[in-house]
Amino acid sequence: MAIKELYSVNGAIRDKEVRVIGADGEMLGVMSSREAQNLADEAELDLVKISPNANPPVCKIMDYSKFKYEQSKRDKENRKNQTIVELKEIRLSMTIDVGDIAVKKKQCLKFLEAGNKVKVSIRMKGRENSRSYQGVKVMQDFFDGLEGKAVQDKKPVTEGRNIIMMLSPAKS
């Protein structure tokens, strides 16, 4: 949301009375918005309504363009520091071989080191449905092979034809 939409400035302030804070941060008291605007004009600054929901609304005398610039810099810095966690998926099968499971573990570790969550799934076909415990065992062996670099958010659970387990990176 743009900063301009959040704050009323100068002539846009239509309240009868406002509580005014000076440019140096001291409380100037409650006065009419016209008086407050005159004080801001004398100081060659802007009158900005910073708390519209208060009774009476709170306005501050400040340089609005400088305030907008600092606010946009702060927002940009916050966006830069945000990390986006993605959900990656690794599919196994109930009859997976040792070499294939090693490749899948390596890929899983790469995802976890990047800070992503990993969904490990097995899709059961045909007669495999009656032996879902084998799929759970394959999942548990897969998790044990990650050598403590992952934490189980969701233990292996059979949901219809699928067995699903959720992993996230372990705190080091």
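The values are calculated or read from the model by the stated rules, or taken from the named source; none is laboratory data. Given the structure is predicted, the values throughout are model-derived calculations rather than measurements. Cβ sites come from the backbone with ideal geometry, for glycine too, and all protein chains shown count toward neighbours. We work out accessible area using only protein heavy atoms, side chains counted, and drop any ligands, DNA or RNA first. Shrake-Rupley method; radii C 1.70, N 1.55, O 1.52, S 1.80 Å.
Computed values, structure above
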item: Criterion violated by N55 - all others in (1) under 30 Å from A114 (Cα atoms); (2) open to solvent by 100 Å² or more (accessible area, probe 1.4 Å) satisfied; result: (1)
item: Check on I13, exposed (fewer than 10 other Cβ atoms within 10 Å of the Cβ) and hydrophobic (A, V, I, L, M, F, W, C); result: no
item: Of all residues in region 15-50 being at pLDDT 85 or above and touching a helix residue (DSSP H, G or I) at 6+ places or on another chain (Cβ under 6 Å), the one that is farthest from I61 (Cα to Cα); result: V18
item: Hey, I50 closer than 30 Å to L146 by Cβ and either open to solvent by less than 100 Å² (accessible area, probe 1.4 Å) or more than 35 Å from the chain's Cα centre (by Cα) (or both) or not; result: no
item: Those residues of region 110-165 which are assigned to a helix (DSSP H, G or I), among the hydroxyl-bearing types (S, T, Y) and either open to solvent by less than 80 Å² (accessible area, probe 1.4 Å) or touching a Leu at 6+ places or on another chain (Cβ under 8 Å) (or both), in sequence order; result: S132
item: Exclusive hit being open to solvent by 50 Å² or more (accessible area, probe 1.4 Å), of a type in the set (D, E) and assigned to a loop (DSSP other than H, G, I, E, B), set D24, D41, D75, D100; result: D24
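Table: residues versus (1) more than 36 Å from the chain's Cα centre (by Cα); (2) over 20 Å from E86 (Cα atoms); (3) of a type in the set (A, V, I, L, M, F, W, C).
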site: N116; (1), (2), (3): no, no, no
site: R123; (1), (2), (3): no, yes, no
site: N129; (1), (2), (3): yes, yes, no
site: Y133; (1), (2), (3): yes, yes, no
